[in-house]
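Student: Quick one: this structure, given as structure tokens, is what I'll be asking you about.
Just so it is clear, none of the values below were taken in a lab; they were calculated from the coordinates. Computed from a predicted structure; not experimentally measured. All Cβ positions, even for glycine, are placed from backbone atoms using ideal geometry, and neighbour counts span all protein chains on display.
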């Protein structure tokens, strides 16, 4: 489905409990019976709700390869709403969600609750535009891993700490409470310190220079970029295979690595893959 036929707005909200809720608003610019939409995240089970934007009734759909869905019976309404719970990655001290802000989308916005602290990587600092302390816009065409911490309320008031420490059996509980308070204060301090840094807008030249320093490209990846430069920034994968003369699997892995780093993006043209240069590291 051509991007000219759709307007896709993706809204992802990380709730106070840590669950990422995805809402997609799709506007059709031309009547159609069915569309294929690629989802920005993995989802929990098969609890995806697709609604007619005019009446709110559920629309039938099919899940294909856990990455995109096919929506049917689009007849009378030009808007569609998709909502589901994303699959979070749970670690010892934090959670995270992988988001692919695809080129198909017009905007990808992420918001989070007051008790959520976002921990962006160095790479994401250059790709995320922070709109406020709890709202950011993701640059499309890149894959993100949004890592965050959920701050839970204390089980006991702070003023009761002295009373808890009177008996030896409760000393351990007191120590844990103090450690927990210190952790919260530290995380809040980090949030206050990071926020002014996140608001600074890096120029395009500074961003590319930073990426150039941290990227470690293989010889095949460098050859792919050189070919893209010579061809005006775009080339078919089949033509790359013919020029480089390497196994198809080796070529595909190199292209996917470049895509994950945000240097190229892969576009579907009928049944062919078109490779487009996004970040030219030497310009």
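Student: Where a ≥ b ≥ c are the square roots of the eigenvalues of the C-alpha gyration tensor, would you call the stretch 3-149 rounded, which needs a/c under 1.5, or, failing that, prolate if a/b is larger than b/c, or oblate?
Tutor: Because a/c hits 1.5 or more and a/b exceeds b/c, the stretch 3-149 counts as prolate.
Student: Using a 10 Å cut-off around each Cβ, can you sort 87, 93 from fewest to most neighbouring Cβ atoms?
Tutor: 93, 87
Student: Which peptide among 54-60, 97-103 comes first, and what is the full order, when sorted by highest mean count of other Cβ atoms within 10 Å?
Tutor: Packing order, densest peptide first, comes out as 97-103, 54-60.
Student: Would you calculate the separation in nanometres between label points at residue 274 and residue 15, each defined as 7 Å from the Cα along the Cα-to-beta-carbon direction?
Tutor: Each label point is offset 7 Å from its Cα along the Cβ direction, giving 4.1 nm.
Student: While we're looking at this one, here's another question. When the chain is fully extended, how far beyond the present Cα-Cα distance does residue 67 get from residue 47, taking 0.36 nm per residue of separation?
Tutor: Using 0.36 nm per residue and subtracting the Cα-Cα distance, I get 5.8 nm.
Student: Moving to a separate point now. Got a sec? How would 239, 259 order by Cβ neighbour count within 10 Å, fewest to most?
Tutor: Taking fewest neighbouring Cβ atoms as first place, the list is 239, 259.
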